[in-house]
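Enquirer: One structure, pasted below without further comment.
The values are calculated or read from the model by the stated rules, or taken from the named source; none is laboratory data. What you are looking at is a predicted structure, and each value in this text was computed from that prediction instead of being measured. So basically every Cβ, Gly included, is an ideal-geometry build from the backbone, and we count neighbours across all protein chains shown.
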Amino acid sequence: MSHTPTVKSFADEVKALPGGEHLELCYSCGTCVSKCMIQQKIEPEYNPRRLLRMVMMNMQEEAFEDPTTWLCSACDLCYASCPQKIHISRVINAAKAIAVNHGKKTLINTAMVNQQTCVACGLCAEACPYNAISLVQTKVPYRGIIQIAQVDPGLCMACGLCSAVCRSTSIGIPEKFTDESIIENLWDWMLPQGARN
Amino acid sequence: MVDAARQPLIDVRTFTEVEKVEGFVGNFKVTLREKAKHVLADRCNGCGDCARVCPVEVPNYFEMDLAPRKAAYIPMSQSVPLIYTIDLDTCIHCYKCVEACGPLEAIDFSQEDKLVEEDIGAIVVATGFGHFDPSVMSEYGYGRFPNVITSMEMERLNNSAGPTSGNLIRPSDHKNPRKLAFINCVGSRDKRYNPSCSNFCCMYSIKNAVLLKQMNPDVDITIYYIDIRTPSKGYEEFYDRAREMGIHFSQGRPSLITEDPETHNLYVHSEDVGLGQVTEKEYDMIMLNQAAIPQPDQNHMSSVLNVAQSPGGWFMEYHPKLRPMDSPTDGIFFAGACQGPKDIPSSVAQGSAAASRASRILHSEEWEIEPTVAVVWPERCSAITKGRACGLCVKACPYGAVRLEGDKAAEIITAKCHGCGGCVAECPEDAITQLHYTDAQILAQMRALLADKPEEKVLAFRCHWCSYGGADLAGTSHFEYTANERGLRVMCSARMDTDFIYEAYRLGAGAVLYSGCHPQDCHYITGQVIGAKRADRLKKIFDRMEMSEGRFRVEWISAAEGDKYARVLNEMQAVLDNMSPEELKEEIEKLKPDMEKRLKNFPGVPGVPEAIDYSNKLAKAITDQKEVS
């Protein structure tokens, strides 16, 4: 008599990844949700408890569509307060890794490398807290096949550390958080009204 | 308590601690420390003049430190006997009380603690539970925010005999609160503090909410909970009543309490699970239902009484279902929350049951115990043969039943022995045997089980209480496992002697399973621990002998894990299947001389040669019969 299921469910896949093993312990108390800064400051629809529930109930497509899968920055405020000691950010990351494997695109603007100026010094790869950056041999227009930094969009959380350490300003977060827009913001914020002109 | 003290056959000793418990069922010798009250019980009439003049004021423990008491005080209004006590830790020795007492002369500062020894037949332990201190959970602000209090503190504030005469006020401004919240599971169901459920807090918070609502229907009360658990008779109906009264129930564990520093009002941050939305609500006062935890001195009591503790620290019962009020030590019983958190009806039920169990002992001239006790052959003990006792039996006994004095051979106090067989298996001289589980009897069984094609067999040593039950469950649940399994039952994994395992391999067994209870389920307090240590030792020895992985396996299987038993046996069969017969035979033969060397003293054990002789004849008779047919 064999009890091993032949096809792995979504929940089993998540549980097989590191950090996912305690998933089923969640009793839906909601502590993580009311602790979460992303829920409070960025995305009201963000809800780790609901995502864990979706994973448990094998709601794969819904989990891939949920912003919770993509926005977690692994600050682990919820981990410290979870009464069941579930490493929630790692469960979310496991779900995200599976989503990326299914070809889903992340909802956030991940770091981008300027292929023309990157010198592959490796500082960004060292600094990245999510291990999202690696140095890869790539064919770059006008430069031939050279080694440059490459960002894994499935892992990058757009924290911007890479951009801060890069000495050739070759890596950055596009749109809202480029170096230019941050400096612009700073000027607006520090100088008295009208002084800039 | 007052009622009990009036009964002529009940002797209530308050302010008294148990120092030492010796002896055994029906014959305990208990040493009690009667603490000095510094007041003579036969002279004090409880008038209270001493307390009135006492200038010292300290927090009153009984009032949850919400009110003061004097250094001369009565602990609580139902105290037995109702006389004053002088607390020397806070007394400033002004002796005003002596003056006030006057001609009664009831105060005696020279009084000291008294040690009294009593003959006791049976002991009922009812030491209750302690409270989790919520101040370690910084998110709830207990101790920082004046209006966050515990439910126990609220009980005192709401009690007509309490410090406010039953007027519920909030500590910050002494106003009556209008919006109140209870938070359940503070420190319980929380793996960071106490993983278990405290059992009664759901009903307790509902009761408190209903009481407050009855007194003042205008107050707004919310109970924050993870799950509401109302499993007993009438409890769900009570919960319904609370809902109908307008008490709000909010599913979701609060993650944070913040305070308005001006008004000292509080904000509870939680996700309302029903809504799926994070809410932040304002309250005047918040009551925390803190977890029930073992008494702070539970460990000390456990060593005084020699009763084991369950993983959470509560006293461990003999059997969770069949004997929940008995301790593993005969003659000691549990009542109430010292054995695990429980509410009043369950505590009363358990207390009555414990009392009737105890009275069985008190009304018996003789007491029957299990016959599987250990017996010493004094002439084999190293105390006699070598002049120095090794003492391993004393270390192995979970019950303190082995006595070793001077140069005399070890002696088993039969009334204390429960028959785990730990001492029997540990004794390096084979000087102890266990009735009904002698080495010879077990050896004869092993030889019978391994008489035919031993290399195909998986010999499974199972303990009586758990892994044997697991095997049984595997059978009754129709979990299929290998037909080559041969089970052998002993009382505890502590009895699984290294000699048996060596003998099994010497006889050519294919594989051997060493199984018993999980450590927290052991029916012999720490019997499994003794067995597990030995199993680890054996594992290392077999590794060094280069025995194939999986031919010796150690597994802890409970009576509920029939599936695990079947799985382990099938995995062991797979190990044998993966080896070719020649390979297996070669390994068995290679290891035999080593096993024989380790067993060289085994035939010297009384009864073993006869058992070998008998089983040889039996085996021969079986083969002869086979040849004939």
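Enquirer: Could you tell me which residue of region B:251-302 is farthest from the chain's Cα centre (by Cα), considering only residues that are within 23 Å of B:Cys201 (Cβ to Cβ), of a type in the set (Val, Ile, Thr) and away from every other protein chain (no Cβ under 14 Å)?
Expert: Per the stated criteria, the residue is B:Ile286.
Enquirer: Moving to a separate point now. So in region A:25-48, with the set limited to residues that are free of Cβ contacts under 8 Å to residues at least 12 places away in the same chain and over 23 Å from A:Val14 (Cα atoms), which one is farthest from the other protein chains (Cβ to nearest Cβ)?
Expert: Once the filter is applied, the top-ranked residue is A:Lys41.
Enquirer: Check off (1) in contact (Cβ under 8 Å) with a residue 24 or more places away in the chain; (2) touching a strand residue (DSSP E or B) at 6+ places or on another chain (Cβ under 9 Å); (3) closer than 29 Å to A:Ala95 by Cα for A:Val136 and give me the number that stays unchecked.
Expert: Only one criterion is unmet by A:Val136, namely (1).
Enquirer: Test each condition in (1) part of a loop (DSSP other than H, G, I, E, B); (2) touching a residue at least 24 places away in the same chain (Cβ under 8 Å) for B:Val210 and report the one that comes out false.
Expert: Among (1) part of a loop (DSSP other than H, G, I, E, B); (2) touching a residue at least 24 places away in the same chain (Cβ under 8 Å), B:Val210 violates only (1).
Enquirer: Go over the candidates B:Lys617, B:Lys592, B:Lys626 one by one and state the one that is under 19 Å from B:Ala451 (Cα atoms) and touching a residue at least 12 places away in the same chain (Cβ under 8 Å).
Expert: Residue meeting the stated conditions: B:Lys592.
Enquirer: Quickly run through region B:379-409 and pick out the residues that are closer than 13 Å to B:Asp430 by Cβ and not charged (D, E, K, R).
Expert: Passing the criteria: B:Cys381, B:Ser382, B:Thr385, B:Cys390, B:Leu392, B:Cys393.
Enquirer: So is B:Ala494 more than 20 Å from B:Gly469 (Cα to Cα) and crowded, with 23+ Cβ neighbours inside 10 Å or not?
Expert: Against the criterion (more than 20 Å from B:Gly469 (Cα to Cα) and crowded, with 23+ Cβ neighbours inside 10 Å), B:Ala494 does not qualify.
Enquirer: Pull out all pairs, ordered by first then second residue, where Cβ-Cβ is under 8 Å, the residues are six or more apart or on different chains, the first lies in region B:475-503 and is within 14 Å of chain A (Cβ to nearest Cβ), and the second is buried (at least 18 other Cβ atoms within 10 Å of the Cβ) and of a type in the set (Asp, Glu).
Expert: none
Enquirer: Note down all Cβ pairs under 8 Å where the first residue falls in region B:360-372 and is touching a residue at least 24 places away in the same chain (Cβ under 8 Å), the second is surrounded by 10 or more Cβ atoms within 10 Å (Cβ to Cβ) and hydroxyl-bearing (Ser, Thr, Tyr), and they're at least six residues apart or on different chains.
Expert: B:Ile369/B:Thr414; B:Thr372/B:Tyr437
Enquirer: Considering only region B:381-394, I want to know if a residue exists there that is in contact with a Leu (Cβ under 8 Å, 6 or more places away or on another chain) and assigned to a loop (DSSP other than H, G, I, E, B).
Expert: Looking for residues that are in contact with a Leu (Cβ under 8 Å, 6 or more places away or on another chain) and assigned to a loop (DSSP other than H, G, I, E, B), one finds at least one in region B:381-394, hence yes.
Enquirer: Related question: How do the pairs read when you match residues in region B:288-311 that are more than 19 Å from B:Pro328 (Cβ to Cβ) with residues anywhere that are of a type in the set (A, V, I, L, M), using Cβ under 6 Å and keeping only pairs 6 or more apart or on different chains?
Expert: Here the result reads B:Leu288/B:Ile183; B:Leu288/B:Val186; B:Asn289/B:Val186; B:Gln290/B:Val186, each pair linking region B:288-311 to a residue that is of a type in the set (A, V, I, L, M).
Enquirer: To continue, here is another question. Give just the number: which of (1) within 14 Å of chain A (Cβ to nearest Cβ); (2) in contact with an Asp or Glu (Cβ under 7 Å, 6 or more places away or on another chain) does B:Lys191 not satisfy?
Expert: (2)
Enquirer: Another question, if that's okay. Are any residues in region B:214-246 part of a helix (DSSP H, G or I) and either hydroxyl-bearing (Ser, Thr, Tyr) or surrounded by fewer than 19 Cβ atoms within 10 Å (Cβ to Cβ) (or both), and if so, which ones?
Expert: Within region B:214-246, B:Gln214, B:Met215, B:Tyr235, B:Glu236, B:Glu237, B:Phe238, B:Tyr239, B:Asp240, B:Arg241, B:Arg243, B:Glu244 meet the criteria.
Enquirer: B:Val402 is checked against (1) in the same structural domain as B:Ile541 (by TED's automatic domain parsing); (2) among the aliphatic types (A, V, I, L, M); (3) in contact with a strand residue (DSSP E or B) (Cβ under 7 Å, 6 or more places away or on another chain) and fails just one. What number does that condition carry?
Expert: Among (1) in the same structural domain as B:Ile541 (by TED's automatic domain parsing); (2) among the aliphatic types (A, V, I, L, M); (3) in contact with a strand residue (DSSP E or B) (Cβ under 7 Å, 6 or more places away or on another chain), the lone unmet condition for B:Val402 is (1).
Enquirer: Run down B:Ser467, B:Ser548, B:Ser515 and say which single residue is buried (at least 19 other Cβ atoms within 10 Å of the Cβ), out of contact with any Lys or Arg (no Cβ under 8 Å at 6 or more places or on another chain) and more than 14 Å from chain A (Cβ to nearest Cβ).
Expert: Exactly one residue qualifies, and that residue is B:Ser467.
Enquirer: Do we find that B:Leu322 is crowded, with 24+ Cβ neighbours inside 10 Å, over 13 Å from the mean Cα position of the chain (by Cα) and either assigned by TED's automatic domain parsing to the domain that holds B:Asn208 or at pLDDT below 95 (or both) in this structure?
Expert: no
Enquirer: Residue check, B:Glu429 against (1) in contact (Cβ under 8 Å) with a residue 60 or more places away in the chain; (2) within 30 Å of B:Cys393 (Cα to Cα), all met but one. Which one?
Expert: It fails just one condition, (1).
Enquirer: Follow-up. When you scan region B:454-545 for strands (runs of 3 or more DSSP E) that lie fully inside it, which ones turn up with 3 or more residues that are among the hydrophobic types (A, V, I, L, M, F, W, C)?
Expert: The qualifying strands (runs of 3 or more DSSP E) are B:458-463, B:511-516.
Per-residue answers, yes or no, for (1) in a helix (DSSP H, G or I); (2) on the phi < 0 side of the Ramachandran plot; (3) surrounded by 12 or more Cβ atoms within 10 Å (Cβ to Cβ):
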position: B:Arg553; (1), (2), (3): no, yes, yes
position: B:Ser558; (1), (2), (3): no, yes, yes
position: B:Asp563; (1), (2), (3): yes, yes, yes
position: B:Ala566; (1), (2), (3): yes, yes, yes
position: B:Ile588; (1), (2), (3): yes, yes, yes
position: B:Lys600; (1), (2), (3): no, yes, no
position: B:Asn616; (1), (2), (3): yes, yes, yes
position: B:Ala619; (1), (2), (3): yes, yes, yes
